[in-house]
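The values are calculated or read from the model by the stated rules, or taken from the named source; none is laboratory data. Only a predicted model underlies this, so the values are computations on that prediction, with no experimental measurement involved. Reconstructed Cβ throughout: ideal geometry from the backbone, glycine too, with neighbour counts over all protein chains shown. Calculation scope for accessible area: heavy atoms of the full protein, side chains included, ligands and nucleic acids excluded. Shrake-Rupley method; radii C 1.70, N 1.55, O 1.52, S 1.80 Å.
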Amino acid sequence: MDKKDKLRAPVSQQPLKVEKPADTNTIGGTISVQLNEKKVVVPFGTTILDACKENQIYIPTLCHHSDLCIAGNCRVCLVEVEGMRTLQTACSFPITSNIKIRTSTENVRKARRHVIDLLLSEHYGDCYACVRNNNCELQSLAKEYGVDSFTFGHIKEPKYEIDNSSPSVIRDMNKCVNCRRCVRTCIDLQEVGVLEAVGRGNETKITTFMDKPLADVICINCGQCINRCPTGALHANDPSDDIWRAIDDPTKHVVIQTAPSPRAAIAEEFGFPAGTSMTQELNTALRRIGFDKVFDTNFSADLTIMEEGTELLHRLKSKIVEKDDSVKLPQFTSCSPGWVKYIEHFYPDYLDHLSTAKSPQQMFGAVLKTFYAQEYWIDPKDIVTVAVMPCSAKKFECNRPEMNSSGFKDVDYGLTTRELAKMIREAGIHLPEMPKSGFDDPFGEASGAGLIFGATGGVMEAALRTAYELITGREVPFKDLKIEPCRGFEGVKKASVLLEGCKPDYSFLEGVELKFMVAHGTANAMTVMEMLKRGEIDDVHFIEIMGCPGGCIGGGGQPIPTSQEIRTKRAEAIYKEEEGLPIRKSHDNPHITYIYEKFFKEGPCSELSHKLLHTHYTKRGKYIV
Amino acid sequence: MLTVENRPKRDGIILFSDYKAGSGIRRSVEMGRENVLFELRESKLKGRGGAGFSTATKWMLTAAASGEIKYIVCNADEGEPGTFKDKVLLTEYPDLVFDGMVVAGFTIGAKKGLVYLRGEYVYMLKSLERYLDRMRTYNLLGKNILGKEGFDFDIEIRLGAGAYVCGEETALIESLEGHRGEPRNRPPYPVNTGYMGCPTVVNNVETLASVPNILIKGGAWFAKHGTDKSTGSKLFSISGDCKKPGVYELPWGITIDEVLKIVEAENTKAVQVGGASGSCIPKKCFDRKLAYEDAATGGSIMIFNESRNMLNVLKNFMEFFVEESCGQCTPCRVGNVKLLEGIEMIENNEYTFRYINQLKDLCKTMQLASKCGLGQSSPNSFLSILENFKEEIFFKNGNGVYHG
């Protein structure tokens, strides 16, 4: 697929340009180096850090992150290279000659300790009063290097005001260590570019354009910067105090919906390896915390598939049969609030391509305050809806002014995986010890189609399973319903499926090759949007885009740390759980059939469903006054 | 040896000697690339910016680097405190500088040269551009220079914006590319991955200005001047407590004593060689030679007489570094602040020698661990002034007893 516009990130923070040989078996493909006392052979151009990792030598790092380009800012990973006057950073030094490396000399140890001491001297605050206590890379470094006093003093007064303007991301620059991971995340990983270093010397700080509050810049709230911040300088806006208040209030009926991605990751917060799913334990824990009902967001994911899928069929019909040029194709998914805000800021002229269907979180909120309230005779004003999401942008989404079609705020609070884990701990519950239990009626267990929403490509896979069957009356022609072209972590995926033997209602689609694309992370979204601008993908019908790398499992509300390896394991956990489910197609979910018969009456995209389950978007643009 | 104030005459050793504009370029075309590099190697010319890297090697590496497009960058971001020699070269001898650039372009196969001109030198921009225009009319710039088929080269002048760190070659390149002026990781070096990712030679103004005369009079002639390891002459910007401050062209290897005599300095207590990032030399070491192998300098010589308070001098330098650090790497960003705080502690008599020694330890880390030359050299003056003037600093400001 297309290459990224490489000029966005400065070269100083771009990957090393070492031409790696294609074949490491040829002469010159590998190189032998002396690593401490050992002679090792590594591929040409390997960094010292990687070479050490291969050989069980641990090098401390801080500004380095496996998802990001190299910076070499923090100077913690110093090593000695024989013949060089100064110490070298292991993360940035490519091995291109037979060098001798020593990783634990007096100079190295002393320098690393000095660097840590210096970072601590300007790092305001106390560890026990910090959201990242026990999960802080600076704290770990201090421990590893036996810091027992502040050699070069410790800052006593905070230098900066905390920016809590954003409903999603809070910035406390007093804890910033200037590693610039957030800067690189924003500009290089996500191609948004909200954060940048300004000022010189000790006045250097990471801030937004013109030092504006985060709420007033083009931040898409994806929270990827939070996931990569080594300290507590960036964290999500935590609503748990308000939720506790609602739980403690006997007049309130507090219900919670849990998304699949937090369930696949929350065990990490309790010391389990990535890829451990704890859905049913979580249900019990939530009831013990005091939530009145526990629902599965997958139900509304199924609802989303029905609405979004039907919308696509309507668009196809208008375009093909009625030749209506005002109908825009390809249709984009709108489940990811980070992506939605991205397109509103960066490509406001293309909002017509975005499906009008709300995200599963918002659909559930709307259904809870209407259908559920009616069925159970509860006054919707007394219902408090909480959503556990892997996402910091969901906090912004539930606060969008247009998200109140029931007359009440659809979703009252968006809670991240991390914050929920905190609430569980606060309640004195050790999640893994909980007995298993299911979800509450009237929504019960949902289909597997909703479950796989968590991984990139999941929405597309779920939508195809339903759309194909609606059109042709047969199951999608993929073994075990696994639509492989949708799976995996390639940045931009493109595939197609041929529609044959269509039902009479859809005869206009006979012989049409349904083309679809999947992209994750807004950097890849930009690639897709630029292709669209250039007219290269006019023949594509449906595109799934998730704002975060890896999809929801890599969301900005997920447990820290994150890496490709961790995200892969979370995705595997989701796919594995899905395989075992009895219902794996949204339209087969009996609760979905029920709600359309009983409540929406006229099927998907009816008048009522339009009112409750669909929304509109705002042309924001890049220049905010 | 000639005293040069603001208007130097053309009877110095090398730079301040007679030179016919364009003759260096003509000579290089006659000689061919290989011979230019040969003469340059013979001359043992080293970078005049301060680091002292062999110019011939730098050009050879760039010439050999793979890549269609290559660049010559003239580092005219003269920012080291106490340096003003490039200003004189650019205003009085632009012919030498630009001819040097064209020769460099010819030698490494670059089609474009960039001058990164210090922001404060904006006043000379117009005259420099007029000079470049003149060169174009005489076919010393442009297409097929001096009738040589395929020898295309042009020069563009870009202005800096006042950051000291942009004198560091990789930060300069970042700045040229339109980014925040911050040093890059090395390796890779600019000779392979420089401006816009292309092989790039970054040379000081004076280095480039030395080239034409080397070609005309020969590398061996050049190497006769100066010492064995520091060949040729050097422009020194001499300032401070003396009667005749100014820019002087003197041979390498001259002692500090001799220099002090030339500029008629009296009662000299200390000489800061190499600007704020250099080291401070006390009276007892005035027999040291100015050369790469002894007291190295990019040209700045600051003279302090007996009336000066050395702690104030040091504080001034450290304040400079605290402000001018780019803020990217930890040792430099925070380390310089800690050194400055240490100086303030001494000033207020609130120090312990234990802490001062810890700071000296920190200095060593800064020298070893900083990303670029700024942080690596900023502790030099801290270390040399505290070491060489400990009696003065700790007696005058301390409790009267020096504990060593």
Among the residues in segment B:168-181, are any within 14 Å of another protein chain (Cβ to nearest Cβ), among the charged types (D, E, K, R), open to solvent by 60 Å² or more (accessible area, probe 1.4 Å) and farther than 19 Å from residue B:71 by Cβ? yes
Does residue A:97 fit the bill of being within 14 Å of chain B (Cβ to nearest Cβ), farther than 30 Å from residue A:562 by Cβ and modelled with pLDDT under 95? yes
Subset of segment A:361-385, residues in a helix (DSSP H, G or I) and among the aromatic types (Phe, Trp, Tyr), comes to A:364, A:371, A:372, A:376
For the list (1) under 29 Å from residue A:206 (Cβ atoms); (2) in contact with a strand residue (DSSP E or B) (Cβ under 9 Å, 6 or more places away or on another chain), I need the number of the one condition that residue B:335 fails. (2)
In the set A:528, A:492, A:518, A:476, which member is farther than 30 Å from residue A:293 by Cβ, touching a helix residue (DSSP H, G or I) at 6+ places or on another chain (Cβ under 7 Å) and free of Cβ contacts under 8 Å to residues at least 60 places away in the same chain? A:476
Right, residue A:336: open to solvent by 10 Å² or more (accessible area, probe 1.4 Å), among the polar types (S, T, N, Q) and free of Cβ contacts under 8 Å to residues at least 60 places away in the same chain or not? no
Counting only helices (runs of 4 or more DSSP H) wholly inside segment B:197-262, the ones holding at least 3 residues that are of a type outside the set (Ser, Thr, Tyr), over 16 Å from the mean Cα position of the chain (by Cα) and closer than 26 Å to residue B:77 by Cα are B:205-217
Among the numbered criteria (1) in contact (Cβ under 8 Å) with a residue 24 or more places away in the chain; (2) farther than 23 Å from residue A:548 by Cα; (3) among the basic types (Lys, Arg), which single criterion is violated by residue A:132? (2)
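One line per residue, one yes/no per condition, for (1) outside any helix (DSSP H, G or I); (2) open to solvent by 10 Å² or more (accessible area, probe 1.4 Å); (3) without any contact (Cβ under 8 Å) to a residue 60 or more places away in the chain:
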residue	(1), (2), (3)
A:301	no, no, no
A:305	no, no, no
A:309	no, yes, no
A:316	no, no, no
A:319	no, yes, yes
A:327	yes, yes, yes
A:352	no, yes, yes
Go through (1) in contact with a strand residue (DSSP E or B) (Cβ under 8 Å, 6 or more places away or on another chain); (2) more than 28 Å from residue A:91 (Cα to Cα); (3) small (Gly, Ala, Ser) and name the single condition residue B:307 misses. (1)
In segment A:272-299, residue nearest to residue A:388 (Cα to Cα) [restricted to those that are open to solvent by less than 10 Å² (accessible area, probe 1.4 Å) and part of a helix (DSSP H, G or I)]: A:297
Failed item, numbered, when residue B:215 is tested on (1) within 14 Å of chain A (Cβ to nearest Cβ); (2) buried (at least 19 other Cβ atoms within 10 Å of the Cβ); (3) among the aliphatic types (A, V, I, L, M): (1)
Of the candidates A:410, A:440, the one satisfying the condition of being in a loop (DSSP other than H, G, I, E, B) and buried (at least 24 other Cβ atoms within 10 Å of the Cβ) is A:410
Residue by residue through segment B:163-178, note down the ones that are in a loop (DSSP other than H, G, I, E, B) and under 10 Å from residue B:374 (Cα atoms). B:168
So which residues in segment A:59-94 are within 37 Å of the chain's Cα centre (by Cα), more than 10 Å from chain B (Cβ to nearest Cβ) and not hydrophobic (A, V, I, L, M, F, W, C)? A:60, A:61, A:64, A:65, A:66, A:67
Among B:337, B:313, which is more than 14 Å from chain A (Cβ to nearest Cβ), of a type in the set (Val, Ile, Thr) and out of contact with any Ser or Thr (no Cβ under 7 Å at 6 or more places or on another chain)? B:313
Expected output for segment B:343-368 (first residue away from chain A (no Cβ under 11 Å) and touching a residue at least 12 places away in the same chain (Cβ under 8 Å), partner part of a loop (DSSP other than H, G, I, E, B) and loosely packed, with under 14 Cβ neighbours inside 10 Å, Cβ below 8 Å, 6+ apart or cross-chain) is B:349/B:399; B:353/B:403; B:353/B:404
From the list A:176, A:182, which residue is at pLDDT 95 or above and within 14 Å of chain B (Cβ to nearest Cβ)? A:176
Let me spell it out: the conditions are (1) more than 14 Å from chain A (Cβ to nearest Cβ); (2) more than 21 Å from residue B:121 (Cβ to Cβ); (3) touching a helix residue (DSSP H, G or I) at 6+ places or on another chain (Cβ under 8 Å), and residue B:210 meets all of them except one. Which number is the exception? (2)
If we ask which residues in segment A:100-115 are open to solvent by 50 Å² or more (accessible area, probe 1.4 Å) and either closer than 30 Å to residue A:564 by Cβ or more than 9 Å from every other protein chain (Cβ to nearest Cβ) (or both), their number turns out to be 5
Residue among B:69, B:25, B:14 that is farther than 30 Å from residue B:321 by Cα, open to solvent by 50 Å² or more (accessible area, probe 1.4 Å) and among the β-branched types (Val, Ile, Thr): B:69
Restricting attention to segment A:47-58, the residues that are within 12 Å of chain B (Cβ to nearest Cβ) and either assigned to a helix (DSSP H, G or I) or over 15 Å from residue A:93 (Cβ atoms) (or both) number exactly 1
Cβ-Cβ distance below 6 Å, separation of 6 or more or different chains: which pairs start in segment B:322-336 with a residue that is open to solvent by 10 Å² or more (accessible area, probe 1.4 Å) and end on one that is acidic (Asp, Glu)? B:326/B:182
Which count do you get for residues in segment B:182-201 that are open to solvent by 10 Å² or more (accessible area, probe 1.4 Å) and of a type in the set (A, V, I, L, M)? 2
Going by the structure shown, is residue A:296 touching a helix residue (DSSP H, G or I) at 6+ places or on another chain (Cβ under 6 Å) and either under 27 Å from residue A:245 (Cα atoms) or charged (D, E, K, R) (or both)? no
Scan segment A:538-591 for residues that are farther than 19 Å from residue A:459 by Cα and of a type in the set (D, E, K, R) and jot them down. A:538, A:539, A:565
When (1) of a type outside the set (D, E, K, R); (2) touching a helix residue (DSSP H, G or I) at 6+ places or on another chain (Cβ under 9 Å); (3) at pLDDT below 95 are applied to residue B:200, the one that fails is (3)
